[in-house]
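Here is the structure we will look at.
The values are calculated or read from the model by the stated rules, or taken from the named source; none is laboratory data. If you're wondering where the values come from, they're calculated on a predicted model, not measured in any experiment. Cβ atoms come from the backbone with ideal geometry, glycine included; neighbour counts cover every protein chain shown. Keep in mind that these areas ignore ligands, DNA and RNA; they rest on the heavy atoms of the full protein, side chains included. Shrake-Rupley method; radii C 1.70, N 1.55, O 1.52, S 1.80 Å.
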Amino acid sequence: AQAMLDRKPFSHETRIVRPEGEVRTIFDQSEVLVDDQGRVTGLAGACLDITARKLEEMLEQDRSLILEQVAQNRPLPEILSRISSMLEMQISRSRCSVLLLKNRRLWTGAAPHLPQAYSDQLEGLPIGPAVGSCGTACFKGQTVITEDIATDPLWDGYRKLALPHGLRACWSMPIPSHRGDVLGSFAVYRAQPSRPSPAHRDFMARPTRRAPLGVRPRRPPP
């Protein structure tokens, strides 16, 4: 309404969340239409999906902040929490964690929005072929998608740890080193059974290539 009063072109960005939780950014640019007598007759404009561009801008900003934190020798949990929060911004209604692999056991690197009681129960968990999503992902060196923790056989011995905290889906990607071995896992948890979209998988893969894991976990093994 104000644009029609001002009779000036206007533009704005809108952040929307799709039903499956995918975040999109839309750029809307419009101009006011007037007739020969100068009377406003309507609006004309176009909407453009600029999600990819905004994501690259955000990732570049976060990359600069992460590199600055590394250069300042900031604590590893602080750096990994930044990466986790970056991913949570792009996958709505998600909670993310980084588990580090040491002596074939998992140790929390960062889990800023997961219940502390849940994270504590995972400390020192040995990896294996059916150890939830993260333990299996680290053991196999492959992405593991659990659509529903309540029914997935990989969680048979562990779902009692997750379900009381409202965790129903877990998508886990192993974090590879430059030598090809596994340094840990990056996980996305959601409160409803769900699978990642192609965009979600892309968002997840980016931090796994950026995480600076050449240092010790928050709570080192004995």
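Residue under question is Gly109, and the condition is that it be on the phi > 0 side of the Ramachandran plot, buried (at least 17 other Cβ atoms within 10 Å of the Cβ) and either assigned to a strand (DSSP E or B) or in contact (Cβ under 8 Å) with a residue 12 or more places away in the chain (or both); does it hold?
Numbers: on the phi > 0 side of the Ramachandran plot: no; buried (at least 17 other Cβ atoms within 10 Å of the Cβ): yes; either assigned to a strand (DSSP E or B) or in contact (Cβ under 8 Å) with a residue 12 or more places away in the chain (or both): yes.
The answer is no for Gly109.
Kindly indicate whether any position in segment 136-144 is polar (S, T, N, Q) and over 24 Å from Ser177 (Cβ atoms).
Applying the first criterion (polar (S, T, N, Q)) to segment 136-144 yields 136, 142-143.
From the residues that got through so far, the ones that are over 24 Å from Ser177 (Cβ atoms) too are none.
No, segment 136-144 has no match at all.
Could you list, in sequence order, all residues of segment 116-144 that are surrounded by fewer than 18 Cβ atoms within 10 Å (Cβ to Cβ), within 22 Å of the chain's Cα centre (by Cα) and among the aliphatic types (A, V, I, L, M)?
Ala117
All but one of (1) under 19 Å from Pro77 (Cα atoms); (2) at pLDDT 90 or above; (3) not in a loop (DSSP other than H, G, I, E, B) hold for Leu183; state the number of the condition that does not hold.
With respect to (1) under 19 Å from Pro77 (Cα atoms); (2) at pLDDT 90 or above; (3) not in a loop (DSSP other than H, G, I, E, B), Leu183 is out only on (2).
Suppose we keep only residues that are in a loop (DSSP other than H, G, I, E, B) and open to solvent by 30 Å² or more (accessible area, probe 1.4 Å) within segment 153-168. Which one would you say is nearest to Gly184 (Cα to Cα)? Working first, answer last.
Taking segment 153-168 and keeping what is in a loop (DSSP other than H, G, I, E, B), we get 156-158, 166-168.
Checking the rest, the ones that are also open to solvent by 30 Å² or more (accessible area, probe 1.4 Å) come to 156-158, 166, 168.
Numbers: Asp156: 22, Gly157: 21, Tyr158: 19, Gly166: 24, Arg168: 21 Å.
Looking at residues that are in a loop (DSSP other than H, G, I, E, B) and open to solvent by 30 Å² or more (accessible area, probe 1.4 Å), I get Tyr158.
What about Gly132, is it at pLDDT 95 or above, closer than 15 Å to Val188 by Cβ and part of a loop (DSSP other than H, G, I, E, B)? Even if it seems obvious, please write down each step before you answer.
Working: at pLDDT 95 or above: yes; closer than 15 Å to Val188 by Cβ: yes; part of a loop (DSSP other than H, G, I, E, B): yes.
So Gly132 fits the description; yes.
Tell me which residues, restricted to segment 24-54, are surrounded by fewer than 12 Cβ atoms within 10 Å (Cβ to Cβ) and more than 30 Å from Ser92 (Cα to Cα).
Across segment 24-54, the qualifying residues are Asp35, Asp36, Gln37, Gly38, Arg39, Thr41, Gly42, Ala44.
What residue, of Ser64, Ser84, is modelled with pLDDT of 80 or more and either over 20 Å from Ala187 (Cβ atoms) or not in a loop (DSSP other than H, G, I, E, B) (or both)? Before the answer, list the steps.
Working: Ser64 fails: modelled with pLDDT of 80 or more.
So the residue among Ser64, Ser84 that is modelled with pLDDT of 80 or more and either over 20 Å from Ala187 (Cβ atoms) or not in a loop (DSSP other than H, G, I, E, B) (or both) is Ser84.
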